[in-house]
Amino acid sequence: MDEQNNRFLVSLLSCSVHAFRFGHWGSMFRFSKHRLCCGAPRLRLPAAGEGSLGAFSFQGGFQMSTLNGNRIELSFVEEKDAPALLKLERSNKDFFRLYSGTKNDQFYTLEAQEVRIAGAMKQREQDQGYHLLIRPRGASEVIGTIALSGVARGSLQSAWLGYMLDREHNGKGLMTEAVQLIVPYAFGELDLHRLEAGVMPHNEGSIRVLTKAGFQKEGLARKNVRINGRWEDHVTLAIVREEPEEGQQSAED
């Protein structure tokens, strides 16, 4: 086990990693041969006291426990999180409805949140989606959610990035930090090739978060999501992990 840990740490420290706001959620690291294109900023490994990629276990491969940033931490949603998730949704009901699909009153009950979490956990088991909660480091309060959903394997290796943040914590750079934590996880442990996000054109703050992280605008999806009773346009943004040319990879191997 120690030898396996050592091999992982050596490979992680020797690699170069490049490193994001949208939506609502309803293998080993192999960074050394991959980098993000689309002008993504370089994401160096954090120094002591600056945060880390989180804690990992070696049960069935590298399984994330937490992703730790400077001010926040991300962890997979669990059954026990239902009351905290319900509090987040209730306190931000009017705010979240500006950016997410319409929800009925039943959604704002503990039972509905428990069902929601059970679905999220099942998606993770089936490699269909990865739903995480955002907390201030060392705190139990849930201040947001971030998710990789619609995971497609095979010739696509892609997912959609979505997130929501408590209104009182907006504008502090916390979502930028959350996205910068989850993207290396998506391109590393999950071995995804492409991430997409959709943002309403007037949500300039969210677009800035994505473009600063290397996402590029790819087009406009017209009236594709019903939000707060209206069909809204969404700007589609994406970032891809640049793969080595097939011939180059064979030469390296």
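Residue by residue through the stretch 159-176, note down the ones that are part of a strand (DSSP E or B) and touching a Leu at 6+ places or on another chain (Cβ under 6 Å). A159, L161, listed by residue number. Taking A197, is it more than 24 Å from N70 (Cβ to Cβ), part of a strand (DSSP E or B) and not polar (S, T, N, Q)? It is false that A197 is more than 24 Å from N70 (Cβ to Cβ), part of a strand (DSSP E or B) and not polar (S, T, N, Q).
Scan the stretch 191-224 residue by residue and report those that are of a type in the set (A, V, I, L, M, F, W, C), out of contact with any Cys (no Cβ under 7 Å at 6 or more places or on another chain) and crowded, with 18+ Cβ neighbours inside 10 Å.
Within the stretch 191-224, L192, L195, A197, V199, I207, V209, L210, A213 meet the criteria.
If the condition is being buried (at least 16 other Cβ atoms within 10 Å of the Cβ) and at pLDDT below 95, then the stretch 82-131 contributes F96, Y99, S100. Restricting to the stretch 163-179, give me the number of residues that are closer than 18 Å to A147 by Cα and small (G, A, S). Residues meeting the conditions: 2. What about S75, is it under 16 Å from the mean Cα position of the chain (by Cα) and either modelled with pLDDT of 95 or more or in a helix (DSSP H, G or I) (or both)? Criteria met by S75. Within the stretch 132-143, the set of residues being crowded, with 17+ Cβ neighbours inside 10 Å and in a strand (DSSP E or B) comprises L132, L133, I134, R135. So is G138 at pLDDT below 95, more than 24 Å from E232 (Cα to Cα) and out of contact with any helix residue (DSSP H, G or I) (no Cβ under 8 Å at 6 or more places or on another chain) or not? The answer is yes for G138. Within the stretch 80-114, the set of residues being within 21 Å of the chain's Cα centre (by Cα) and aliphatic (A, V, I, L, M) comprises A82, A84, L85, L86, L88, L98.
For the stretch 240-252, state whether one or more residues are at pLDDT 85 or above and acidic (D, E). No. In the set (1) basic (K, R); (2) under 21 Å from the mean Cα position of the chain (by Cα); (3) outside any helix (DSSP H, G or I), the condition left unmet by R208 is number (3). Residues that are touching a His at 6+ places or on another chain (Cβ under 9 Å) and within 19 Å of Y99 (Cβ to Cβ) within the stretch 158-196 comprise G162, Y163, M164, M175, listed in sequence order. When the residues of the stretch 157-187 are narrowed to those that are at pLDDT below 95 and out of contact with any Gly (no Cβ under 9 Å at 6 or more places or on another chain), which ends up surrounded by the fewest Cβ atoms within 10 Å (Cβ to Cβ)? So the residue we want is K172.
The values are calculated or read from the model by the stated rules, or taken from the named source; none is laboratory data. Remember, it's a predicted structure, so these values are computed and weren't measured experimentally. Cβ sites come from the backbone with ideal geometry, for glycine too, and all protein chains shown count toward neighbours.
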